[in-house]
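J.: What follows is a structure written as structure tokens; I'll ask about it next.
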Amino acid sequence: MKVQRILYFILFFSTCGFAQGKRRTPVYLEIAPVINAINMVMIHDVISPPVAARYYAYTMLGAYQLVSRNDLSLPAPASFIRQFPESKLTILSKDYNYQIAAIYCILETGKNMLPSGISLQEDQDAYLAKLLKNKISPAIIDQSVAAAKEVSAQIVAYSKTDNYSKLSAKLRYTPEKTEGHWYPTPPAYLDAVEPNWSTTRPLIIDSCAQFKPSPPTKYSTDSASAFFKLAKEVYELSKIPSQEQLDEASFWDCNPFAVTISGHMSIGYKKISPAGHWMNITALAVKKANLDFAPAITVVTLEAVTLMDSFIACWDEKYRSNRIRPETYINKNIDLRWQPLLQTPPFPEYPSGHAVASNSSASILSYLLGDNFTYTDDTELPFGVGPRKFTSFNQAAAEASISRLYGGIHFRDSIDEGNKQGKALGQNIIEKIKKAGIKPFYSN
């Protein structure tokens, strides 16, 4: 894992664009390294998309809590995060550096929550060494670490109230064998991912079903039906894809665990999750925008909590409609030997998770950083894909959404409705943070 982590960091820092203009924050306060440290543990642990989004949200909330306590221009998290407890800190503000504490808190929360989080101790040790190298007072470091640990403990305690711990006690999910419903797909026929995820408490939106999409197209095997035409579109596109379509599908794959079968051997490939991809985009964007520390932490935190709520809303509908994947339908009704370009994820099809998460992300990032924010996304370089250039977050979201059609794992109506759900959810979050007093940080 250590070699893999080193390789990832080398690739990330050798390709990321640097901030425009004069650096406003010292190198030891940059956010990208800690986000990528969290990424690497999640990749190692094969964290599923909805669970990954949850971890990102809580790891960032502690950092925002510390920043908002010391920067009165920012509202307290309780003003927009549901049921967020009143926090107390025994360490006086004058005795610690809240920026250092915020960075350390991200790692501390990840260490305490992630399955292999203990590996983040190496990153914490390296961070402390970096602080000493930059001549930060040992007394300030000690007090900042103490403040970070205190806040992190509060965040971890808060996370335990969101019903996540109750999921493992629920009945094992049994796929329905009736026509039109989801069933495990080749090559590994993995069990359904988080079928009860909608019972997790959202952070900002009111409920998992607040943005319930329209019902999916009615299932049918009739060749004249609307549903058959949806499947036929997926099938026909896969036969003659353009190079651009292939590139888009590969770039936005974001499958945390793909399986290849070779004889009697199963080989697993680990990659970044959809939430991890958008967290990387956000870290890249705040650096390019050259934001001060407090706005940068705020943007990354709001992106993380938006991702968590997006997956809760999306997963609520996935297991309500419980719709069949294109691969299953096409193999049974059109072509027995057909395979999609991308490996089909192990959960129901409707709506597209990429569409929901990407459009909610694009909405919140466009509000905070502008509608025409140009950037080069090199997130997938460590996995042999990319980079790609975008002129806005909305352009990226639209590409991420349609890539699922090109990849052969979603029907078009799933993408269209996912786009609507993501935009509606994102707008709701924008309205709530506006009311709390969070304004845009960057205009281009």
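J.: In which sequence would Val151, Val41 go, from the one with the fewest C-beta neighbours within 10 Å to the one with the most?
T.: Starting with the residue having the fewest Cβ neighbours, the order is Val41, Val151.
J.: How big is the Rg/Rh ratio for segment 287-400, C-alpha atoms only, Rh by Kirkwood, two decimals?
T.: The Rg/Rh ratio comes out at 1.06.
J.: HN-Hα J couplings of segment 136-151 from phi, Karplus 6.51/-1.76/1.60, θ = phi - 60°, integer Hz, Gly and Pro as x?
T.: Working through the residues one at a time gives 7, 4, x, 5, 5, 4, 4, 6, 5, 5, 4, 5, 4, 5, 5, 5 Hz.
J.: Then there is this: For segment 344-413, count the residues as N, evaluate 2.2 N^0.38 Å, and divide the Cα radius of gyration by that value, please.
T.: Normalised by 2.2 N^0.38 Å, the Cα Rg of segment 344-413 equals 1.18.
J.: Where does each of Cys208, Cys254 land when they are ranked from fewest to most other beta-carbon atoms within 10 angstrom?
T.: Sorted ascending by nearby Cβ count, the order is Cys208, Cys254.
J.: Now a separate question. Please name whichever of Gly384, Gly110, Pro348 sits farthest to the positive end of the charge dipole of the chain, dipole taken about the Cα centre and charges placed at Cβ: Lys and Arg +1, Asp and Glu -1.
T.: Looking along the dipole axis, the top candidate is Gly110.
J.: Out of all Cα-Cα pairs in segment 207-246, roughly what percent, to the nearest whole number, are more than 14 Å apart?
T.: Every Cα pair in segment 207-246 considered, those over 14 Å come to 63 percent.
J.: Got a sec to turn the phi values of segment 67-74 into Karplus ³J(HN,Hα) couplings, 6.51 cos²θ - 1.76 cosθ + 1.60 with θ = phi - 60°, whole Hz, x for Gly and Pro?
T.: The phi angles translate into 5, 5, 5, 10, 10, 5, 6, 9 Hz.
J.: Only helical DSSP H runs with n ≥ 4 go in: add -39500 (n - 2.57) per run for the chain, normalise by residue count and round the 222 nm mean residue ellipticity to 500 deg cm²/dmol.
T.: -17500 deg cm²/dmol
J.: Next question. Can you compute 3J(HN,Hα) from phi for each residue in segment 219-230, using the Karplus curve 6.51 cos²θ - 1.76 cosθ + 1.60 with θ = phi - 60°, rounded to whole Hz and x for Gly and Pro?
T.: 5, 6, 9, 5, 5, 9, 7, 5, 5, 4, 5, 4
J.: Could you point to the residue in Leu171, Ile415, Val299 farthest towards the positive end of the chain's charge dipole, with +1 and -1 charges on the Cβ of Lys/Arg and Asp/Glu respectively?
T.: Val299
J.: While we're looking at this one, here's another question. If you put +1 on each Lys and Arg Cβ and -1 on each Asp and Glu Cβ, how big is the dipole of segment 101-218 around its Cα centre, in Debye rounded to 20? Mind showing how you got there, number by number?
T.: On the way: 13 positive and 12 negative charges, 31 e Å.
Dipole size: approximately 140 debye.
J.: Which order do the peptides 310-323, 175-188, 375-388 take when ranked by the mean count of other beta-carbon atoms within 10 Å per residue, highest first?
T.: Most protected by this proxy first, the peptides run 310-323, 375-388, 175-188.
J.: While we're here: For segment 100-128 and segment 156-219, write down the distance between their C-alpha centroids in whole Å.
T.: Using only Cα atoms, the two centres lie 29 Å from each other.
J.: Here's another thing I want to ask about it. Give the angle, between 0 and 90 degrees and rounded to the nearest 10, that separates the Cα long axis of helix 121-133 from the longest principal axis of the Cα atoms of the chain.
T.: 40 degrees
J.: Right, another one. Counting each pair of different Cα atoms once, what's the Kirkwood radius of the chain in Å, rounded to one decimal?
T.: 22.3 Å
J.: For His410, His44, what's the fewest-to-most ordering of other Cβ within 10 Å of each Cβ?
T.: Numbers: His410 30, His44 16.
By the 10 Å Cβ count, ascending, the order reads His44, His410.
J.: On to the next question. Which of Leu131, Tyr64, Asn97 sits farthest toward the positive end of the charge dipole of segment 62-174, with +1 on the Cβ of Lys and Arg and -1 on the Cβ of Asp and Glu?
T.: Positive-most Cα among the choices belongs to Tyr64.
J.: Ratio to report: Rg/Rh of segment 55-111, with Cα atoms as the point set and Rh obtained by the Kirkwood method; give two decimals.
T.: Looking at segment 55-111, the ratio lands at 0.94.
J.: Placing +1 at every Lys and Arg Cβ and -1 at every Asp and Glu Cβ, with all other atoms neutral, what dipole size does segment 139-198 have around its Cα centre, in debye to the nearest 20?
T.: Charge dipole of segment 139-198: 180 debye, to the nearest 20.
J.: Note down the magnitude of the dipole of the chain about its Cα centre, charges +1 on Lys and Arg C-beta and -1 on Asp and Glu C-beta and zero elsewhere, to the nearest 20 debye.
T.: The calculation lands at about 580 debye.
Every number here is computed from the coordinates shown, using simple stated rules; none is lab data. Remember, it's a predicted structure, so these values are computed and weren't measured experimentally. Methodologically, a virtual Cβ is constructed for each residue, glycine included, from the backbone with ideal geometry; neighbour enumeration extends over all protein chains shown.
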